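The values are calculated or read from the model by the stated rules, or taken from the named source; none is laboratory data. Given the structure is predicted, the values throughout are model-derived calculations rather than measurements. Cβ placement follows ideal geometry from the backbone for every residue including glycine, while neighbour counts extend to all protein chains displayed. Accessible surface is based on the protein model in full, side chains and every heavy atom, while ligands, DNA and RNA are left aside. Shrake-Rupley method; radii C 1.70, N 1.55, O 1.52, S 1.80 Å.
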Amino acid sequence: MSDNTGSFWSRLWARPGQKWRLGIPVGGLLAFAIGAIVLGMTNYTLHATSSTEFCYACHSHEQFIKPEYEASSHFVNQSGVRAGCADCHLPHDNWFKLVWTKAVVSLDIIPELMGKLDTAEKYESHRAEMAESVWREFKENDSAYCRSCHSIDAMDLEAQGRKIARRHRNAEERGETCIDCHFGIVHAEPENASEIMDRLAVEYSTNID
């Protein structure tokens, strides 16, 4: 048994009879090294471009979103837990979905460069459509980004007060999602926020039925 084992390892590490065969293990090692470098660079890029500071590089974010965000409870609160842009707008549990979302979101640079949101007036004129787009996404994914930090199962409902605790219990029973009640927490609501949410409620209720 030991002779066979020794013979196997001897053949494995022996110099190949033909020089071209050396390219097989060398090529494999190079492919592994290049793959590791590419993966590392990809992860670094994903992390760097997911920071709130990177989001501020866009004019509209720096001028209009930053003040709203820094005045919200997601920026400063009693617990000292801060949620950044990526926490609320990017997937957390699927690497491939994150890469896909980042690729799609990168297209937002086009209207940014075209000056679609370069003034307060333009930003306000598009606030409703931007809000609806995000709220629709949250309805479709069951507020998955919210639930990465908040879970009704982990809540101390008794400490919340009777009214709030009842609303959370009812939300679970009715199949409601976080965004149904908790919208406009970080970003200012458009004037027709209630109208948008009522329309989405009817639309998605119909789709479920």
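Considering only residues that are under 26 Å from K66 (Cβ atoms) and in contact (Cβ under 8 Å) with a residue 24 or more places away in the chain, look in the range 140-153 and name the one that is least open to solvent (accessible area, probe 1.4 Å).
Narrowing the range 140-153 to residues under 26 Å from K66 (Cβ atoms): 141, 143-150.
The next check asks that each one be in contact (Cβ under 8 Å) with a residue 24 or more places away in the chain; those that pass are 143-150.
Values: S143: 0, A144: 46, Y145: 23, C146: 35, R147: 79, S148: 61, C149: 92, H150: 106 Å².
So, considering only residues that are under 26 Å from K66 (Cβ atoms) and in contact (Cβ under 8 Å) with a residue 24 or more places away in the chain, the one least open to solvent (accessible area, probe 1.4 Å) is S143.
How about the range 154-209: which of its residues are open to solvent by less than 80 Å² (accessible area, probe 1.4 Å) and either in contact with a strand residue (DSSP E or B) (Cβ under 6 Å, 6 or more places away or on another chain) or among the hydroxyl-bearing types (S, T, Y) (or both)? Those that are open to solvent by less than 80 Å² (accessible area, probe 1.4 Å) and either in contact with a strand residue (DSSP E or B) (Cβ under 6 Å, 6 or more places away or on another chain) or among the hydroxyl-bearing types (S, T, Y) (or both): T177, S194, Y204, S205.
Only a single item in (1) in contact (Cβ under 8 Å) with a residue 40 or more places away in the chain; (2) assigned to a helix (DSSP H, G or I); (3) among the acidic types (D, E); (4) over 25 Å from L200 (Cα atoms) is not met by D118, and it is number (2).
Name the residues in the range 129-139 that are open to solvent by 30 Å² or more (accessible area, probe 1.4 Å) and closer than 20 Å to T177 by Cα, would you? Give the steps one after another, and end with the answer.
Taking the range 129-139 and keeping what is open to solvent by 30 Å² or more (accessible area, probe 1.4 Å), we get 129-130, 132-134, 136-137, 139.
Of everything in the range 129-139, those that are open to solvent by 30 Å² or more (accessible area, probe 1.4 Å) and closer than 20 Å to T177 by Cα turn out to be M130, E132, S133, V134, R136, E137, K139.
Mind checking which pairs have a first residue in the range 71-87 that is in contact (Cβ under 8 Å) with a residue 12 or more places away in the chain and a second that is open to solvent by less than 30 Å² (accessible area, probe 1.4 Å) and of a type in the set (G, A, S), Cβ under 7 Å, 6 or more apart or different chains? Pairs found: H74/A83; A86/S50.
Checking the condition among the small types (G, A, S) and under 25 Å from V81 (Cβ atoms), which residue from A159, A193, A120, A128 passes? Full working, then the answer.
On the way: A193 fails: under 25 Å from V81 (Cβ atoms); A120 fails: under 25 Å from V81 (Cβ atoms); A128 fails: under 25 Å from V81 (Cβ atoms).
Only one candidate passes the filter, namely A159.
Being in contact (Cβ under 8 Å) with a residue 12 or more places away in the chain, part of a loop (DSSP other than H, G, I, E, B) and of a type in the set (D, E) holds for only one residue in E132, E191, E172, E176, and it is E191. Annotation: E124 fulfils all but one of (1) acidic (D, E); (2) assigned to a helix (DSSP H, G or I); (3) over 25 Å from D198 (Cβ atoms); (4) more than 17 Å from the chain's Cα centre (by Cα); the unmet one is (3). Each residue in the range 43-92 was checked for being under 16 Å from the mean Cα position of the chain (by Cα), open to solvent by 50 Å² or more (accessible area, probe 1.4 Å) and not charged (D, E, K, R), and 7 of them qualify. Report, by residue number, each residue of the range 104-121 that is open to solvent by less than 60 Å² (accessible area, probe 1.4 Å) and either more than 22 Å from the chain's Cα centre (by Cα) or over 21 Å from T49 (Cβ atoms) (or both). Listed by number, the residues that qualify are G115, L117, T119, A120.
For (1) within 26 Å of R127 (Cα to Cα); (2) among the hydrophobic types (A, V, I, L, M, F, W, C); (3) at pLDDT below 90, each residue gets a yes or a no:
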site: R147; (1), (2), (3): yes, no, no
site: D153; (1), (2), (3): no, no, yes
site: R162; (1), (2), (3): no, no, yes
site: R167; (1), (2), (3): no, no, yes
site: E173; (1), (2), (3): no, no, yes
site: A188; (1), (2), (3): yes, yes, no
site: E191; (1), (2), (3): yes, no, no
